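Peer 1: Okay, here's the structure, questions in a sec.
The values are calculated or read from the model by the stated rules, or taken from the named source; none is laboratory data. Note that the coordinates shown come from a computational prediction; the quantities given were computed from them, not determined experimentally. Here the Cβ is made from the backbone with ideal geometry for all residues, glycine too, and neighbour counts use every protein chain on show.
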Amino acid sequence: MQKITPFLWLDNNAEEAMTFYTSVFPDSKVLCVTHYGDAGPGPKGSVMTVTFTLNGQDITLLNGGPLFPQSPAFSFAVAVDTQEELDDLWDKLLSGGGKPSQCGWLTDKFGVSWQVVPKIFFELSQNSDPNKLQRVMEAVLKMVKFDIAALKKAYEAG
């Protein structure tokens, strides 16, 4: 068991969210589903929590009701290797009613925020040349979904 596990509060669709996420990410599996009992606060027998693994990361979701909606103040960041991987993950996470934001951020149909970021962005942004860094950041700020070719072009310009 991990020492730190993200634990997200959803309204009443934790099981649906878990099924969705485990279909999007390879190497994922369901670990546990718990149900409310006589003590509640949810209806007896309804799903209380689900715990699952996405690429080795355990996550728990709680059906806690509408009191605390998701916010972009918390997001999952996913590092990808290629534009194809980025495009595929981006499209899957947006499916069913998600909304793109900017700079690689999106909100899925459950209200959970994600950052889909190419690994090369981290490499390019660690360069000590302030001009290259400036060009890369200017390019990113114009993007909704990351474009790896555009990042490389901005980096190499000048």
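Peer 1: Name, by its number, the condition in (1) on the phi > 0 side of the Ramachandran plot; (2) in contact (Cβ under 8 Å) with a residue 60 or more places away in the chain that does not hold for PHE20.
Peer 2: The failed condition is (1).
Peer 1: Can you tell me which of (1) assigned to a strand (DSSP E or B); (2) under 28 Å from LYS152 (Cα atoms); (3) in contact with a helix residue (DSSP H, G or I) (Cβ under 7 Å, 6 or more places away or on another chain) is the one PHE76 doesn't meet?
Peer 2: (3)
Peer 1: Would a scan of the range 97-112 turn up a residue that is farther than 20 Å from LEU141 by Cβ and exposed (fewer than 14 other Cβ atoms within 10 Å of the Cβ)? Quick ask: steps written out before the conclusion?
Peer 2: As a first pass, look at the range 97-112 and keep what is farther than 20 Å from LEU141 by Cβ: 97-98, 108-112.
Now narrow it down to the ones that are exposed (fewer than 14 other Cβ atoms within 10 Å of the Cβ): 97.
Scanning the range 97-112, I find at least one residue that is farther than 20 Å from LEU141 by Cβ and exposed (fewer than 14 other Cβ atoms within 10 Å of the Cβ), so the answer is yes.
Peer 1: Name every residue in the range 83-110 that is part of a helix (DSSP H, G or I) and among the hydrophobic types (A, V, I, L, M, F, W, C), in order of residue number. Break it down into steps so the answer makes sense when it comes.
Peer 2: Within the range 83-110, the subset part of a helix (DSSP H, G or I) is 83-94.
Hits for the range 83-110 are LEU86, LEU89, TRP90, LEU93, LEU94.
Peer 1: Considering only the range 22-43, how many residues are in contact with a Ser or Thr (Cβ under 9 Å, 6 or more places away or on another chain), at pLDDT 95 or above, of a type outside the set (Phe, Trp, Tyr) and not in a strand (DSSP E or B)?
Peer 2: Of the residues in the range 22-43, 2 are in contact with a Ser or Thr (Cβ under 9 Å, 6 or more places away or on another chain), at pLDDT 95 or above, of a type outside the set (Phe, Trp, Tyr) and not in a strand (DSSP E or B).
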